[in-house]
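Report on one structure; see the data block that follows.
Read the figures in this text as sums done on the coordinates, not as results from a lab. None of these values were measured; they are calculated from a predicted model. Every residue, glycine among them, receives a Cβ derived from its backbone with ideal geometry; neighbour counts consider all protein chains shown.
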Amino acid sequence: MFGYARLRFVPSPGLWSAILPAAFMLAAIAASTVLAGPPQPYTAVEIGLSDGSYNFAATGLNNHGDVCGNYRDSASHSASFAYLGGTFQTLYKHWLNQGIQAYSINGAGVVVGTTPLPADYSSSVPVYWSTPSGFTAIPVAPLTGESQPVHINNNNQVAVRAVVWGHQSNVTKIGQGYTYIGTYGGSDYATTDVMDITDGGIFAGNAYDANAVSLGMIGTLNGAGQVSSLTTFSAFVSTLTTTVSAVNSSGACVGLGAWGPGVKAYKRNADGSIVDLGLGGGVQSWAADLNDKGLAVGAHVDGSSKVTACVFRGDGTVIDLDSLVSAPYHLTDAIGINNKNQIVADGKDGSGHTHAFLLTPSMQTYNGNFSEGGLSGWTVKTAGNSTASLGVDPANAANYALRMITGSPIEVDQTVNTPTEAFSLDFQYYLPVATGHLDVFLNGAGVGTILGSGQPTGVWNDASFSVTDPDLLGLLQTELKFVYDDTASGSEIYLDNIILTPEPATLSLLALGGLLALRRRR
C-alpha cells in the first residue's frame with residue numbers, strides 16, 4: 001500500500017495486449033452511479049517543473065504526502081523525482097542515464113527504483129535513494145535475475161518483482177539479505193510477482209502457472225523473515241486472470257479480475273471474501289491501491305471509452321476525481337492512497353502529455369456558515385407545513401443562518417469527508433422557544449441530540465459532539481444530516497457555523513470561537 005502502483009497493472013508479458021483493447025473499446029451498457037458531492041471535496045496540487053520537462057507520472061505515495069515518480073527532462077532524457085514536504089527534488093542519476101525509474105517511497109522518504117550502473121548501461125539494477133543526491137545498489141537475489149523493486153515499507157523491506165519469465169520474486173531487507181517468494185506450498189507455479197508488502201510482513205502479488213494464467217497471491221513472513229503462509233485465489237468465479245496491486249495492514253488486497261472481453265476492480269477482504277468494486281453493466285474498472293480504511297483508488301472506463309481516475313468506497317459508490325482539475329487536464333489514473341486519504345493521480349493534457357497531481361481531501365463542511373449563496377451545498381427535505389430556509393439571524397440582522405420550523409420532520413444534509421483521527425462536530429444553535437429536538441447523524445449513525453426543553457432561549461448556544469468511532473473516521477463523501485422535529489407544529493431552531501474540528505482542539509476552538517462570533521456580528 002501507499003507505494004509503487006503503475007506497473008501493478010502489468011503482471012505478465014502480453015496480458016495487457018489481450019485485455020486492454022477490449023477494455024477500452026467495449027462500451028458500457030449501463031450508466032455508472034457516481035457520487036458528485038459538494039464542490040471540491042479535494043484540493044489538487046500539480047507536481048512538476050516549468051523548465052520544459054514533461055510527462056510527469058506519480059508512482060508512489062507515503063503517509064506524509066510525499067510522492068515519487070518519473071518524467072522526461074527538457075532534453076527528453078529519463079528522470080525521476082521525489083516530492084518531499086512540498087518540494088520537488090530530482091533524484092540523482094548518471095549522466096544521460098536513460099533507464100532510471102522510481103517506483104515507491106516509504107515514510108522516511110527512502111525511494112526504490114532501478115537505474116543502469118556506470119559499468120553497464122545496457123541493463124538496469126535495483127537501487128534505493130536514502131536522499132535525492134545519491135543512490136545505493138540493492139543486491140540482486142541469484143534466482144531473481146533482472147528485477148524491479150516495486151514497493152518499500154517502513155521497515156526497509158523491499159518487494160522485488162522478477163522481470164524475466166520463470167524467475168522468482170523476493171523480499172529483500174536493505175542490508176540484510178532476501179527471501180524468495182516462489183514455488184512455496186502445494187502448487188508448483190512457474191513464476192511469481194510480489195507487488196506489495198506491509199510493515200507487518202503481509203505480502204501480495206501474482207502467481208503464474210506454466211500457461212501464464214495469473215492467480216492472486218497473498219502470504220506472510222514470520223519474525224525471521226521467512227515465508228510462513230501463502231494463499232492463491234481467483235477474484236471471481238468466471239475470472240480468467242486475477243492480478244493483485246496492493247495489500248493493507250489487515251490483509252485486504254485489491255486488483256483486477258479479467259474475464260472475457262473486459263476487466264473489473266475487486267477487493268479481497270482479510271477473511272477471503274471478495275467485493276466487486278466495479279460499476280456493473282459492463283463498465284471496465286481496475287484498482288491500484290488501498291489504505292488501511294479499505295478505501296481503494298484506480299480508474300474506470302465509461303460508455304464512451306473515457307478513462308477516469310476514481311475512488312472505490314467499497315459500498316457500491318464510486319467517486320470520480322476528474323472534476324478536481326480544470327481543462328485541458330483530465331485525470332485518468334489514481335495511483336495511490338494513504339491513511340490520510342490523500343491520493344496521487346495522473347492525468348493528461350490536450351497534447352497527451354502526462355501530469356502528476358497530489359489530491360488532499362477537504363476535511364470541512366461546505367457553506368457551514370451559510371454565507372456561500374444561501375443553502376448552497378445543502379440538501380433540504382421537508383414535509384407537510386414544515387419549512388427550512390435561509391433566515392435572518394434573530395440576534396444580528398446583518399447575519400444569516402439556517403432556519404427550520406416544524407410541521408413534519410425536517411432533514412438537512414450534505415456529503416463531507418471526515419478527518420482520519422478523532423474530531424468534534426461543532427455548531428451553534430438558537431431557540432426562540434425551548435421546544436423541539438434536533439438529531440445529528442453521520443454516515444447514518446447518531447452522533448448527538450439536542451432537546452429543546454430546558455435549553456436557553458433567545459441566545460446563541462454552542463454544541464460540540466465528539467466523534468471517536470473508528471467507523472466514522474476517514475470517510476469520503478459520507479452524509480452529515482440534521483433532523484429537526486417535534487410532537488407539535490411550530491417549533492423553531494436556527495443553525496449556524498457548522499464545522500468539523502480535529503481533536504485535541506482546545507486552542508483551535510478558542511480561535512474559531514472568536515471567528516464565529518465575528519461572523520454573527522458582521
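Quick one: if the Förster radius is 41 Å, what FRET efficiency do Gln364 and Ala75 give, using the C-beta to C-beta distance and rounding to 0.05? Write down the numbers at each step before the final one.
On the way: r = 43 Å, r/R0 = 1.06.
FRET efficiency, Gln364 to Ala75: 0.40.
Using a simple spin-label model with points 7 Å from Cα along the Cα→Cβ vector, what separation in nm is obtained for Asn443 and Val45?
2.6
Which whole-Hz couplings ³J(HN,Hα) result when phi for each residue of region 73-85 is put into the Karplus expression 6.51 cos²θ - 1.76 cosθ + 1.60, θ = phi - 60°, listed in order with x for Gly and Pro?
6, 5, 9, 6, 8, 5, 8, 10, 9, 10, 9, 10, x
Near the amide H of Leu91, under 5 Å away, which other amide H atoms are found, from residues 5 or more places off or on another chain, if H is placed in the peptide plane?
Ser80, Phe81, Ala82
Amide H to amide H under 5 Å from Val433: which residues, 5+ apart in sequence or cross-chain, H placed 1.01 Å off N in plane?
Residues meeting the amide H criterion: Glu492.
Apply 1/(1 + (r/R0)^6) to the Cβ-Cβ distance of Asn211 and Ser408, taking R0 = 51 Å, and write down the FRET efficiency to the nearest 0.05.
Values: r = 64 Å, r/R0 = 1.26.
Using R0 = 51 Å, I get an efficiency of 0.20.
State the extension gain, in nm to one decimal, for the chain segment bounded by Ala463 and Asn155, taking 0.36 nm per residue of separation less the distance between their alpha-carbons. Before the final figure, lay out each step's value.
Details: separation 308, 0.36 × 308 = 110.88 nm, distance 4.33 nm.
Net length gain for the segment: 106.5 nm.
Calculate the FRET efficiency for Lys306 and His94 from the Cβ-Cβ distance with a Förster distance of 51 Å, rounded to the nearest 0.05.
Numbers: r = 40 Å, r/R0 = 0.78.
So, using R0 = 51 Å, E works out to roughly 0.80.
Run the simple label-point estimate for Ser130 and Thr87 please: 7 Å along Cα→C-beta, distance reported in nm.
1.9
Classify region 379-521 from the C-alpha gyration tensor, please: rounded if a/c falls under 1.5, else prolate or oblate depending on whether a/b exceeds b/c. Intermediate results must be reported in sequence, preceding the final value.
Values: a/c = 1.85, a/b = 1.25, b/c = 1.48.
Here region 379-521 falls in the oblate category.
Could you pull out the pairs from Lys93/Lys340; Lys173/Lys264; Lys264/Lys381; Lys267/Lys340; Lys93/Lys348; Lys173/Lys306 whose alpha carbons sit more than 29 Å apart here? Display every interim value, and only then the final one.
Values: Lys93/Lys340 31 Å; Lys173/Lys264 33 Å; Lys264/Lys381 36 Å; Lys267/Lys340 20 Å; Lys93/Lys348 26 Å; Lys173/Lys306 41 Å.
Long pairs (Cα-Cα over 29 Å): Lys93/Lys340; Lys173/Lys264; Lys264/Lys381; Lys173/Lys306.
Extension gain Ser489-Ser389, at 0.36 nm per residue separation less the Cα-Cα distance, in nm? Could you put the intermediate results ahead of the total?
On the way: separation 100, 0.36 × 100 = 36.00 nm, distance 1.64 nm.
Length gained, Ser489 through Ser389: 34.4 nm.
Ordered by packing density, taken as the mean number of other Cβ atoms within 10 Å over each peptide's residues, highest first, how do 435-443, 342-350 rank? Before the final figure, lay out the partial values.
Numbers: 435-443: 19.2, 342-350: 22.4.
Going from most to least packed, we get 342-350, 435-443.
Non-local amide H neighbours of Gln284 (under 5 Å, H modeled in plane, Pro and chain starts lacking H): which ones?
Val301
For region 379-521, what is the charge dipole size about the Cα centre, in debye to the nearest 20, if Lys and Arg each add +1 at the Cβ and Asp and Glu each add -1 at the Cβ? Mind dumping the intermediate values first?
Values: 6 positive and 15 negative charges, 101 e Å.
I would put it at about 480 debye.
Would you mind putting 484-497, 412-425 in packing order, based on average other-beta-carbon counts within 10 Å, highest first? Each step should come with its number before you reach the end.
Numbers: 484-497: 18.8, 412-425: 20.6.
Ranking, from highest mean packing down: 412-425, 484-497.
What nm distance separates the two modelled labels at Asp199 and Thr231, each placed 7 Å from Cα along Cα→Cβ?
Placing both labels 7 Å along Cα→Cβ, they lie 2.4 nm apart.
Along region 434-441, what does the Karplus equation 6.51 cos²θ - 1.76 cosθ + 1.60 (θ = phi - 60°) give for ³J(HN,Hα), rounded to whole Hz, x for Gly and Pro?
Per residue, the Karplus-derived 3J(HN,Hα) values read 7, 9, x, 9, 10, 10, 10, 10 Hz.
Quick one: 3J(HN,Hα) in Hz for region 47-63, Karplus 6.51/-1.76/1.60 with θ = phi - 60°, rounded, Gly and Pro as x.
My calculation for region 47-63 gives 10, x, 10, 10, 9, x, 6, 7, 6, 7, 10, 7, 10, x, 8, 10, 6 Hz in order.
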